[in-house]
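Some notes on the structure that comes next.
The values are calculated or read from the model by the stated rules, or taken from the named source; none is laboratory data. On a predicted model such as this, the values are computed, not experimentally measured, just so you know. When we count neighbours, we look across all protein chains shown, and the Cβ atoms used for this are built from the backbone with ideal geometry, even at glycine. Side chains are part of the model used for accessible areas, which takes the heavy atoms of the whole protein and leaves out ligands, DNA and RNA. Shrake-Rupley method; radii C 1.70, N 1.55, O 1.52, S 1.80 Å.
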Amino acid sequence: MDESKAKVGINPEFIPFLKGAHVNSIDEDVNISLALYLFTARKITLARAAELGGKSISDFIQILINHNIHWAEYTEEHKKQDDETIDFILKEDGKGKQDESDL
């Protein structure tokens with residue numbers, strides 16, 4: 001068997017549900033489905049999922065959006081960093097206003 005291709009037996013009852021609106025073949029639909037699964041299971045990155053699914057990153061993001069799958073993760077650490085940055089900017093802005101009024 002060619003190592004670049006794997007033969008998979010698909011339950012025939014899946015066939016009516018395959019070949020979605022954004023795909024041209026059942027193979028493409030299965031590849032996208034696998035990429036979606038691996039991405040949501042956090043086994044691969046967004047870029048790798050798009051690559052494996054045969055899509056551009058923007059097209060893959062649109063597929064995620066269409067399936068109500070969050071593609072960006074905003075963690076508590078991100079929020080903490082954003083809050084620190086906002087505080088820093090506000091302090092700098094306040095300093096600048098005080099300095100201007102002293103002139």
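Quick check on my filter: what residues within segment 69-89 are assigned to a helix (DSSP H, G or I) and either modelled with pLDDT under 90 or not hydrophobic (A, V, I, L, M, F, W, C) (or both)? Before you say what the answer is, go through the steps one by one.
Initially, segment 69-89 is screened for residues assigned to a helix (DSSP H, G or I), giving 76-89.
Scanning segment 69-89 gives Glu76, Glu77, His78, Lys79, Lys80, Gln81, Asp82, Asp83, Glu84, Thr85, Asp87.
In segment 53-84, which residue that is charged (D, E, K, R) and exposed (fewer than 11 other Cβ atoms within 10 Å of the Cβ) is nearest to Asp29 (Cα to Cα)?
My answer is Glu73.
Taking Arg42, is it under 16 Å from Glu28 (Cα atoms), open to solvent by 50 Å² or more (accessible area, probe 1.4 Å) and not hydrophobic (A, V, I, L, M, F, W, C)? Steps first, answer last, please.
Numbers: under 16 Å from Glu28 (Cα atoms): no; open to solvent by 50 Å² or more (accessible area, probe 1.4 Å): yes; not hydrophobic (A, V, I, L, M, F, W, C): yes.
In short, no.
Within segment 1-45, which residues are part of a loop (DSSP other than H, G, I, E, B), modelled with pLDDT of 85 or more and aliphatic (A, V, I, L, M)?
Correct list: Ala41, Ile44.
Exactly one condition in (1) at pLDDT below 95; (2) part of a helix (DSSP H, G or I); (3) not acidic (Asp, Glu) is not met by Leu52; state its number.
Looking at each condition in turn, Leu52 falls short on (1).
Out of segment 71-91, which residues are among the charged types (D, E, K, R) and in contact with a helix residue (DSSP H, G or I) (Cβ under 7 Å, 6 or more places away or on another chain)?
Of all residues in segment 71-91, those among the charged types (D, E, K, R) come to 73, 76-77, 79-80, 82-84, 87, 91.
The answer is none; no residue qualifies.
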